[in-house]
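One structure is given here, and the rest of the page talks about it.
Derivation of every value follows stated rules applied to the coordinates shown; laboratory data play no part. These numbers come from a predicted model, not from an experiment. For neighbour counting, all protein chains shown are included, and Cβ atoms are generated from backbone atoms with ideal geometry for every residue, glycine included.
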Amino acid sequence: MARIDETAAPVAEKSVESSASAVEWASIFGGALAALGVTAILLTLGPGLGLTTVSPWSFNNPSPTTFGTVAAIWLVVTQWLSSAFGGYLAGRLRTKWVGIRTEEVFFRDTAHGLLAWALATLLMATLVTLGSAATAGVAAAAASAPSGTPVSPEAADQARKIAVAFAFTTSLSLLIGAFVASAAGALGGFHRDEA
């Protein structure tokens, strides 16, 4: 029978860095595709809910400003919910890392959520750009017809203000969506490690 010497000093282990990447693209692509799927569902649900509030036979319809504000809020909420879902899945679907410090695992899960958000945002921007390019051709053909009414300076200034508000709101929403996806990735990884 072997005896254990409890007075022996512990031997320091040499820290070995893995040559494999910590990024698991399969879970990131899965999270990004799930985020796109949730976006598609919520983008089709939103107009259905919005159109239930208006009626051509009623005089109690919401004003166009109210309708537009609620639609913008719905788009922001859609972006946040799909970011959270995609980030959570990216963190949850990765393989379990063994022998790595807790802070490093937390960082990697957060990075997986952020990368899933970035990929989903890039894919959505590509789809929107392709759709806009197709629509722009139709709009250009319609605009080439003589209209006869020039655009007033007040209308041009109003359009500029709307474009500025849209740009700031969109950038803020994307920034918060990135944070939500990162936090959801960390939560998904935490739940993965508990299993």
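The table below gives the values:
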| read-out | value |
| --- | --- |
| Members of the stretch 52-68 that are surrounded by 10 or more Cβ atoms within 10 Å (Cβ to Cβ) and not in a loop (DSSP other than H, G, I, E, B) | T66, F67, G68 |
| Selection within the stretch 72-85 - surrounded by 14 or more Cβ atoms within 10 Å (Cβ to Cβ) and among the hydrophobic types (A, V, I, L, M, F, W, C) | A72, W74, L75, V76, W80, L81, A84, F85 |
| Cβ pairs under 7 Å, 6+ apart, first in the stretch 65-94 and closer than 20 Å to L187 by Cα, second acidic (D, E) and crowded, with 24+ Cβ neighbours inside 10 Å | G91/D109 |
